[in-house]
Structure formats: structure tokens, C-alpha cells
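Data block below; observations after.
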Amino acid sequence: MSRLPSNPVVLSYHESLLRLSDIDLLNGPCWLNDSIISFYFEYLEIGRFRRHPALVFVHPQVTQCIKLSPTTELSVFLEPLLSNRCKFIFFALNDNEETEVSGGSHWSLLVFSGPEKTIFHFDSSRGTNHEQAMEFGAKLFNYLGLSSFGSFREPLCLQQTNGYDCGIHVLCNVEHIAAYACTHNKIEGCSLVNEDLVQSKRTNLLNLISDLSKA
């Protein structure tokens, strides 16, 4: 009798692969991993915002490589992602400093707005990823040739009330802010994400994954 895999694949969605262990993170009070965030970023780009090529959602694994690589090597990661139509770039930023090992303890959202020549950092635990965001932003400005006149801002955003929902806040913020950017062609002035959306996001994600797995 063949044995069932202990950690079976639940969903294969384009370049994303979600296993049972990934899905389990959505059921309990758990910190989200790269796989869940990568999947949702891919879903936003290919599904939710497929008609908006001005938006680019960078997978957290690529963001980590950009963060830890010298500026001279950034073209390897950024050039395939960018086009003349690209206006807004969304990065899920992690405080992990290791190149070979996944981990870290906090997620935040970094958004580059081309029309505003500004990097916006949305951190649900304000100040936790500030230095990470500043260093990443400086590197990105340098690559884009905006070092002398690009600006960095950390707007107010909804703050988490526990130690594990930072990833959920990133997913809620990225979709909310992307929708605003599509309508207003800017990030400035975007309202705070709704607390009810954060509270329901895990259930909504589970439902989305279930629907996609049946498609």
C-alpha cells in the first residue's frame, strides 16, 4: 500500500506551490511564510490586477536577494520585472539577514511610486523595519537613478495588536494600496486599511485557495 505524502501539495498556482504545512499557517495564530505571501502577490498580479500592467508585485524571495546583494548586481533581479509601463512596485520586506536560510520575525510593505518618485513604507509595528526599509530604499533609488531627488515616507497605517499578524497586514495593505493606485495614480492620500478586513483575511485566503484548487 502506497503511503500518502506527509506534506502534500494543496495548490499549484502558476509559479507558486502551497503545501499543507503552508495552509496550516492560516488556520492558527501563526506568522506567515514566504510561500503564502509569494502566492498572494502572484494572485494579485495575475488575477486581481491583471488588467493593470503599471503594478508590479515582487516575490519576497526576490526582495530578499535585492536587499542582500550589492547595487551592481541589482539589474539581475530588477530588470526582468520592470517595463516602461511599470509605475508602482510592491515589495514584502522581511528583517531576515540570511541569504541561505528563510526566517526573520517581521514583515512590512515597501512601495515605490514612480509618479511621485517616492518610496512608501507601511509597517504594522511602526519602527520595527525602519532601518531595513531605509537601506533597501536607498539601494533602489540608486539603481533607478533617483538618489538625489527621491523621497522616503512612512505614512500612518493600521497597527497590529499581536505578534504574528504582520504578514496578514502586508497582504491587506498591498491589495488596498494597489487598488487606490489604480484609481488615483498615486499612493499619497490612501486611507488606512480596515480592521475588519485584517480580521477576516485568513478565512478569505483559505476560501480563495480552496476555490483556486478546484478550478
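The values are calculated or read from the model by the stated rules, or taken from the named source; none is laboratory data. Please read these numbers as outputs of a predicted model, since none were measured by experiment. Neighbour counts are summed over all protein chains in view; Cβ atoms, including those assigned to glycine, are modelled from backbone coordinates with ideal geometry. Areas reflect the complete protein model, heavy atoms only, side chains present, ligands, DNA and RNA absent. Shrake-Rupley method; radii C 1.70, N 1.55, O 1.52, S 1.80 Å.
Miscellaneous remarks
- When Leu11, Leu44 are screened for being within 29 Å of Cys182 (Cβ to Cβ), at pLDDT 95 or above and part of a helix (DSSP H, G or I), only Leu44 passes.
- Leu140, sole failed condition from (1) surrounded by fewer than 20 Cβ atoms within 10 Å (Cβ to Cβ); (2) farther than 20 Å from Asn33 by Cα: (1)
- Some residue of the range 59-75 being at pLDDT 95 or above and of a type in the set (Asp, Glu): no
- For His176, the conditions (1) free of Cβ contacts under 8 Å to residues at least 40 places away in the same chain; (2) more than 18 Å from Ile36 (Cα to Cα) all hold with the exception of (2).
- Evaluation of Thr128 against the conditions (1) among the β-branched types (Val, Ile, Thr); (2) within 18 Å of the chain's Cα centre (by Cα); (3) assigned to a helix (DSSP H, G or I); (4) surrounded by fewer than 20 Cβ atoms within 10 Å (Cβ to Cβ) shows that the sole unmet condition is (3).
- The range 146-186 - residue that is of a type in the set (D, E, K, R) and in a loop (DSSP other than H, G, I, E, B) and, of those, most open to solvent (accessible area, probe 1.4 Å): Lys186
- Matching residues, the range 187-215, being surrounded by 13 or more Cβ atoms within 10 Å (Cβ to Cβ), part of a loop (DSSP other than H, G, I, E, B) and either free of Cβ contacts under 8 Å to residues at least 24 places away in the same chain or not acidic (Asp, Glu) (or both): Ile187, Cys190, Leu192, Val193
- Taking (1) among the hydroxyl-bearing types (Ser, Thr, Tyr); (2) farther than 26 Å from Asp22 by Cβ; (3) without any contact (Cβ under 8 Å) to a residue 60 or more places away in the chain in turn, Thr128 satisfies each apart from (2).
- Odd one out for Ile119 among (1) surrounded by 14 or more Cβ atoms within 10 Å (Cβ to Cβ); (2) β-branched (Val, Ile, Thr); (3) out of contact with any Gly (no Cβ under 9 Å at 6 or more places or on another chain): (3)
- Within the range 136-151, residues that are closer than 20 Å to Glu188 by Cα have Cβ atoms under 7 Å from residues that are surrounded by 13 or more Cβ atoms within 10 Å (Cβ to Cβ) and among the polar types (S, T, N, Q) in these pairs: Gly150/Thr118; Ser151/Thr118, counting only partners at least 6 apart in sequence or on another chain.
- In the set Leu26, Leu18, Leu74, Leu55, only one residue is over 16 Å from the mean Cα position of the chain (by Cα), more than 18 Å from Asn207 (Cα to Cα) and buried (at least 17 other Cβ atoms within 10 Å of the Cβ); that residue is Leu74.
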